[in-house]
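The values are calculated or read from the model by the stated rules, or taken from the named source; none is laboratory data. Quick caveat, the model's predicted, so the values are computed rather than measured. Don't worry about glycine lacking a Cβ; one is built from the backbone with ideal geometry, like all the others, and counts go over all protein chains shown.
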Amino acid sequence: MEPEPIARLLAELREGDRRALDALVPLLYEELRRIAHRQRDRRPQGETLQTTVLVHEAYVRLAERSRLQFADADHFLAASATIMRHILVDHARTRLAHKRGGGAMHVPLSEAEGVLDRQAEHLLALDAALARLAHWSPRLAEVVEMRFFAGLSVEETARLVGRDARTIRRDWQKARLVLADLLGEDTAAAS
């Protein structure tokens, strides 16, 4: 059960009170930072998009939306994690677009930049594979969003999507296998 202020603010947000978002974000800020930090941990050390910037950019994108309908705090955090993933994908696209110059300062022998470029390419490939998975099975893609990007547990995901934990575990396993196949990875390593 979520604290009363969060539940009240979510209800106000559903009713169209945009100021509720301004009050809600500080209450969930540490959890948003945890999600952003986890997503940043998956990136190489030289990544330039910082955790705080990722959280703040997610807030800006949420504030730009016309309809904000969240059932509970977990739903809000899952939507925020999805937005953060889109921000990271956009950042990776920009990085790859500028890797051949684009006004960037050239640094000789930059092995680190090659690693960053490969990581950006991997993130774009993952995003494309997730989009294909969503087209094939929106349910499996939803589980990936909740588990991988939002960092929700099996039980939290089950509660949020209204399915039992055993089904979520099966969906999670199947989604990982399908994504590994779409990414051309060894499926034994994906389990």
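Within the stretch 143-159, restricting attention to residues that are under 10 Å from the mean Cα position of the chain (by Cα) and hydrophobic (A, V, I, L, M, F, W, C), the residue that is nearest to Leu32 (Cα to Cα) is Ala150.
Here's the yes/no breakdown for (1) out of contact with any Cys (no Cβ under 7 Å at 6 or more places or on another chain); (2) farther than 21 Å from Val60 by Cα; (3) modelled with pLDDT of 70 or more; (4) polar (S, T, N, Q):
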| residue | (1), (2), (3), (4) |
| --- | --- |
| Phe76 | yes, no, yes, no |
| Ile87 | yes, no, yes, no |
| Glu111 | yes, yes, no, no |
| Glu121 | yes, yes, yes, no |
| Asp127 | yes, yes, yes, no |
| Ala131 | yes, yes, yes, no |
| Ala141 | yes, yes, yes, no |
| Ala165 | yes, yes, yes, no |
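Within the stretch 130-170, the residues that satisfy the criterion of being of a type outside the set (Ser, Thr, Tyr) and in a loop (DSSP other than H, G, I, E, B) are Ala150, Gly151, Leu152, Gly162, Arg163, Asp164.
Inspect all residues belonging to the stretch 8-17 and state whether any of them is more than 19 Å from the chain's Cα centre (by Cα), in a helix (DSSP H, G or I) and either surrounded by fewer than 13 Cβ atoms within 10 Å (Cβ to Cβ) or among the β-branched types (Val, Ile, Thr) (or both). Yes, there is a match, as at least one residue in the stretch 8-17 is more than 19 Å from the chain's Cα centre (by Cα), in a helix (DSSP H, G or I) and either surrounded by fewer than 13 Cβ atoms within 10 Å (Cβ to Cβ) or among the β-branched types (Val, Ile, Thr) (or both).
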